Amino acid sequence: MTIEKSPALEAMLDKWFQDPDPENPRRTRAILVVWDGQIIAERYGEGFSKDTLFRGWSMTKSVTNALLGVLVEQGKLDIHSPAPVLEWQGAGDPRSAITIDQLIRMSSGLEFNEDYGDLTDGVTQMLYNQGDMAAYAANKSLAGDPDTVWNYSSGTANILSRIIRDTVGGEITDYWAFPKKDFFYRVGMNSAILES
């Protein structure tokens, strides 16, 4: 099937590559639109191409969630079961009821400060001063009941990453091979790289 260029889609791409507010530039670098297994639109900002490597940062949360989906498909995880987090297994710990699904949706109730300007707590401490980011995030207390508050949290993304690592098991090389073998290659992302 041949996909013809859609004027509406082209207009949408034009919009995302414009920077109408110099005080808050969008800085769009790349957009790829896939529909029904085919690339129907692809555009890159100046100096970028399909061969450019990008730092993923928060975009990697989508990959993390896709990898969790692969483990569900393989029958290795149930996202509606309590998350297998060692720090929450103590007797009477209310965090032991938090599910993987709640972590994915960032509605776990865990306290986490995503303010990059606060150098004393939260995301900045986790990213730059902790040897084990998942443990740092997992040791946060509940700020509210699960599923009552949404809180954007790179901390929960790190907890989920550790759940993936623990579920894949085996050697560290098995963990690093898992995304390529079970996800990237399956969807044709042959140059994707995950780094820690």
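Data table
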| item | result |
| --- | --- |
| Computed [θ] at 222 nm, deg cm²/dmol, the chain (DSSP H ≥ 4; -39,500 (n - 2.57); rounded to nearest 500) | -9500 deg cm²/dmol |
| Charge dipole of the chain about the Cα centre (unit charges at C-beta), most positive-ward option of Gly45, Pro22, Ser191 | Ser191 |
| Residues of type aspartates and glutamates that Lys76 reaches as a straight line, Cα spacing below 20 Å, ignoring anything fewer than 8 places off in the same chain | Asp101, Asp166, Glu171, Asp174, Asp182 |
| Average projection area in nm² (convex hull over Cα atoms of region 1-45, one quarter of hull surface) | 3.4 nm² |
| Cα gyration tensor shape for region 6-91, rounded if a/c is under 1.5, else prolate or oblate | prolate |
| Per residue convex hull volume, Cα atoms of region 57-187, in Å³ | 118 Å³ |
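Quick note: the coordinates plus some simple rules give every number you see, no bench work behind them. All figures in this text were calculated on a predicted structure; none of them were measured in a lab. Cβ coordinates were reconstructed from backbone atoms using ideal geometry, including for glycine residues, and neighbour counts include every protein chain displayed.
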